[in-house]
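Structure, as structure tokens:
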Amino acid sequence: MNDSVPPEQVGRVECAPTRDPAVRWFIFAGMLIGFAFWCLSDLRQPPEAWDMKHVNEAAAYLLNNWGPVLFFPLGAVAIATAVRHLARKLVADETGIGYGRTRIAWDRFTGLDASLLASKGILRLEYDGNKQLKLDSWRLRNFKPLVAYVEAKRPDLVKG
């Protein structure tokens, strides 16, 4: 699977989150909030009639008057998603692997899919039948030692 890092017998591997996904969420939030302010800068009166003759006026009224009601909360959700991503840390130790206090014990794992490890840096650990824990090098720092640790903890799952 990963022959570039030898499996070391360490007691714990911590993987802090990378910043790239959070930066994308912050950019998206900035766009949504900016668009909400742009809509607020041009508030409109309701159209004379709600028919096809006044469809442009009706669309402008709906966007400018009701857009901020939609875009501000969506921007707040995007900011919360970015902050949540930055706060999550993956920990693999003797008890198991997981984010925060929620850990999956090593004996619950039934399979390992490393087909995308070389090309995309994605390792999937299968547990409890059909559930998967996706480990992604784009989202996690310290990824190679994590893969080596997983190999060392469950060598029976590694096909080679």
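The values are calculated or read from the model by the stated rules, or taken from the named source; none is laboratory data. Model, not experiment: these values are computed from the prediction. Positions of Cβ are generated from backbone atoms using ideal geometry, with glycine treated the same way; all protein chains shown enter the neighbour counts.
Tell me, which residue of the range 102-140 that is farther than 15 Å from THR18 by Cβ and of a type in the set (Val, Ile, Thr) is modelled with the highest pLDDT?
Residue satisfying both the conditions and the ranking: ILE104.
For the range 113-125, name all the residues that are among the small types (Gly, Ala, Ser) and in a helix (DSSP H, G or I). I'd like the intermediate steps shown before the answer.
Quick first cut of the range 113-125, residues among the small types (Gly, Ala, Ser) only: 114-115, 118-119, 121.
Within the range 113-125, ALA118, SER119 qualify.
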Among residues belonging to the range 104-160 that are under 14 Å from VAL13 (Cα atoms), more than 18 Å from the chain's Cα centre (by Cα) and of a type outside the set (A, V, I, L, M, F, W, C), point out the one that is surrounded by the fewest Cβ atoms within 10 Å (Cβ to Cβ). LYS144
Taking the range 143-160 and the residues there that are assigned to a loop (DSSP other than H, G, I, E, B) and touching a Leu at 6+ places or on another chain (Cβ under 9 Å), the one that is modelled with the highest pLDDT would be ARG154
